[in-house]
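Trainee: Let me give you the structure first, and then I'll get to my questions.
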Amino acid sequence: MTRTEFMQGNTACAEGALAAGCRFFGGYPITPSTEIAEHMALRLPKMGGVFIQMEDEIASIAAVIGASWTGAMAMTATSGPGFSLMMENIGYAVMTETPCVIVNVQRGGPSTGQPTLSAQGDMLQCRFGSHGDYSVIALSPASVQEMFDLTVEAFNLAERFRSPVFLMADEIIGHMRERVIIPDHVPSNQRKPYEPGSLPFRAGEDLVPGFPAFGKGYGVHVTGLTHDERGYPCATSPKLHEDLVKRLVGKVEGARGSITSCDILNPDAEVVFVSYGAPSRTVQQVLHDHPDDNIGHLRLKMVWPFAEMVLARFTNAEAFIVPEQNLGQIAREIERHTDKDVVTVPKLGGDLHTPGELYAIVENLK
Amino acid sequence: MRHEIRFSGFGGQGIILAAVILGRAAVMYDNKYAVQTQVYGPEARGGASMSAVIIDDEPILYPKVATPDIYVIMSQEGFEKYGIAATGEAQMLVDSTLVHSRPSCHYIEIPATREARESLGRDIVANIIMLGALVAATGIVSRSAIEKAILDSVPKGTEGLNVKAMTRGFELAEEAISR
């Protein structure tokens, strides 16, 4: 039965994972994500799942990748310092096409920075933090409800694209409590199984190969080295490498127009806010308080892959205002895709932009 | 109508739990919207602790408390850090056992910690006395909602003690208001 709860964002994330079918959590506790691990430790064993606290975040993501290769839906949760440690193995998950969900409840950085305060400083790290060329999917929740809903979505996308998917939350959304509606059933996308007779890394039109899970009778070689369709290393052929990397990037980037998820308000506006995560809540307040100003709002629920075509939905836009809890990471991406003015509104230190601060920028542009 | 309620005291008094219970009462039993946030730092263990709740009939957009209209203050340090700026229009409930200063806004003195210790035998329920007094003084949620939310949130075996504490809070607030 669908039920209403008054729940913390991090708890809602864990509940979303369980509803989606996650049965493995490997992690190392870190503020402000710890409640996700705590809730999974409480709930997973009772559901026949496995919770394991690893010795660090490098081992955590390694355990998640291993669990996923047995066919389990697997996740970890961390924050900045742990996220940095996971970067090498995130590239391994990309190269081996391992479905997994990585939650980053962002806090102030660099380094240990501000453990208890909110930030969005890892938005480019999640896109580019591992070495080599690749593409990823990243979602950004702006409410406790979306901590649940977008975690479900993250698992479905990970399974569909055989790719790591990031839930890029922030301390504000992770730690606040509010109303959340938990449905009885959630949409579930299982990874496409391997078809005997094919090759384990041979993809069809969707560029995603079927998954030969360990323990199902297949002998499959999994490697981070450049590999052929059999999965065997072949690290010296320029063409093989180029084809593989272009397929890995293409399976995500090619789908960006169809999988992107955003809210669009007042598409005829001249001044348009672009936001994701906690600052979206301030933008929503500004639009609510000033209905006659016709202010536009593009709220990105999926930040990566960046679907630049949605910017064109704002046909009269003269300026995009981008409030972020960083020094302008996604504003830089928007600048790449528009000839309109892009106004960055950086906020560091943990506080959320106030409605007054953001409305003052609208007034200055008039 | 948006109401912003700020709770402050010292770590261990149940300041955060009080805010969670209030938010839960509003959402689960009065069919309102609520957002609960807290200062999430090491100072919560012993130093001044702060938690806030926003309650509204409409969905809550901006989730942070800017200017509280209701304060519940349970320690002197909490008052100095989180209550001293209260404006004239705000309402404040102070635990008069532990808060020695008096605010410049409207306020009600509730000797919650003394009552918890002397009448109920347990300091730990002072926060529940304050919750009862808050609901009696402001009507921010219904009495049945706060009672149900308290019962959802306290350890098994302590339900009777906590309902007594809530009831005592209602009585103390009514006495203070009629004085």
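Trainee: Using only the alpha carbon atoms of region A:100-214, find the Kirkwood hydrodynamic radius as the inverse mean reciprocal pair distance, in angstroms to one decimal.
Mentor: After inverting the mean inverse Cα-Cα distance, the result is 16.1 Å.
Trainee: Give a quick list of GluC sites (Glu not before Pro) in region B:79-137 that DSSP marks as loop, anything other than H, G, I, E or B, with at most 16 other Cβ atoms within 10 Å.
Mentor: B:Glu89
Trainee: While we're looking at this one, here's another question. Tell me the relative contact order for chain A as a rounded percent, counting alpha carbon contacts under 8 Å between residues six or more apart.
Mentor: 17 percent
Trainee: If you don't mind, another one. For region B:55-157, which trypsin sites (Lys or Arg not before Pro) are in a loop by DSSP, counting at most 10 other Cβ atoms within 10 Å?
Mentor: Counting only loop positions with at most 10 other Cβ atoms within 10 Å, the trypsin sites (Lys or Arg not before Pro) in region B:55-157 are B:Lys156.
Trainee: Using θ = phi - 60° and the Karplus relation 6.51 cos²θ - 1.76 cosθ + 1.60, list the HN-Hα couplings for region B:89-95 in order, rounded to whole Hz, with x at every Gly or Pro.
Mentor: For region B:89-95, the Karplus-derived couplings read 7, 6, 10, 10, 9, 10, 6 Hz, x marking Gly and Pro.
Trainee: Ok, one more. So what are the radius of gyration and Dmax for the Cα set of region A:3-182, in Å?
Mentor: 14.4, 44
Trainee: Follow-up question, since we're still on this one. Exposed loop GluC sites (Glu not before Pro) only (DSSP loop, at most 11 other Cβ atoms within 10 Å): please give the longest stretch of chain A free of them, not including the sites.
Mentor: A:206-366
Trainee: Still on this structure, please answer the following. With r as the distance between the Cβ atoms of A:Arg202 and A:Ala312 and R0 = 30 Å, compute the FRET efficiency 1/(1 + (r/R0)^6) and round to 0.05.
Mentor: 0.25
Trainee: I'd like the FRET efficiency for B:Thr67 and B:Asp123, computed as 1/(1 + (r/R0)^6) with the beta carbon distance as r and R0 of 35 Å, rounded to 0.05.
Mentor: 0.65
Trainee: Just to be sure I understand the model, the point goes 7 Å from the Cα along the line to the Cβ. What's the resulting A:Asp292 to A:Thr70 distance in nm?
Mentor: Placing both labels 7 Å along Cα→Cβ, they lie 6.4 nm apart.
Trainee: Can you tell me what the convex hull of the Cα atoms of chain B projects to on average, as an area in nm²?
Mentor: Over every viewing direction, the Cα hull of chain B projects on average to 9.5 nm².
Trainee: Are there any helices in chain A, counted as whole DSSP H runs, that stretch 15 Å or more along their axis by Cα and score at least 0.5 on average by Kyte-Doolittle, and if so which?
Mentor: Taking the DSSP H segments of chain A (at least 15 Å long, mean hydropathy at least 0.5), we get A:9-20, A:57-69, A:80-95.
Trainee: Per DSSP helix of 4 or more residues, -39500 (n - 2.57); summed, then divided by the residues of the protein assembly as shown. What does that give at 222 nm, rounded to the nearest 500?
Mentor: It lands at -11000 deg cm²/dmol.
Trainee: A further question follows. Could you name the lysines whose alpha carbon sits less than 22 Å from that of B:Lys32, not counting residues in the same chain fewer than 8 places away?
Mentor: Counting by Cα, and skipping residues close in sequence, B:Lys32 has these lysines nearby: B:Lys64, B:Lys148.
Trainee: For A:Lys246 and A:Glu88 in one chain, what is 0.36 nm times their gap in residues minus the Cα-Cα distance, to one decimal in nm?
Mentor: 54.9 nm
Trainee: Pull up the DSSP beta bridges for the protein assembly as shown and report the antiparallel fraction as a percent, rounded to 5.
Mentor: The antiparallel fraction comes to roughly 40 percent.
Trainee: Additional query: Please report, largest first and rounded to whole Å, the three semi-axes of the ellipsoid equivalent to region A:262-365, where each semi-axis is the square root of five times an eigenvalue of the C-alpha gyration tensor.
Mentor: Ellipsoid half-lengths, sorted descending, are 18, 17, 12 Å.
Trainee: Looking only at region A:3-182, where both bridge partners belong to it, what percent of the DSSP beta bridges are antiparallel (to the nearest 5)?
Mentor: The antiparallel proportion sits near 30 percent.
Trainee: Test of understanding: what is the full-extension gain from B:Thr158 to B:Ser178, defined as 0.36 nm times their sequence separation minus their Cα-Cα distance?
Mentor: Value of the extension gain: 4.2 nm.
Trainee: Determine the percent antiparallel among the DSSP beta bridges restricted to region B:3-178, to the nearest 5.
Mentor: That works out to approximately 50 percent antiparallel.
Trainee: State log₁₀ I(q)/I(0) for chain A at q = 0.11, 0.12 Å⁻¹ as given by the Debye formula over alpha-carbon point scatterers of equal weight, solvent excluded.
Mentor: With one equal scatterer per Cα and no solvent, log10 I(q)/I(0) is -0.74, -0.87.
Trainee: When only C-alpha pairs under 8 Å and at least 6 residues apart count, what is the relative contact order of region A:262-365, in percent?
Mentor: Normalised by residue count, the contact order of region A:262-365 is 32 percent.
Trainee: Per 0.36 nm of contour for each residue apart, how much would the distance between A:Glu229 and A:Glu357 grow if the chain were fully extended, relative to their Cα-Cα spacing?
Mentor: Length gained between A:Glu229 and A:Glu357: 40.7 nm.
Trainee: Give the relative contact order (percent, whole number) for chain B; include only Cα pairs under 8 Å separated by 6+ residues.
Mentor: 22 percent
Each reported figure results from applying straightforward, stated rules to the coordinates on display, with no laboratory input. Computed from a predicted model, the values in this text were never measured in an experiment. Neighbour counts are summed over all protein chains in view; Cβ atoms, including those assigned to glycine, are modelled from backbone coordinates with ideal geometry.
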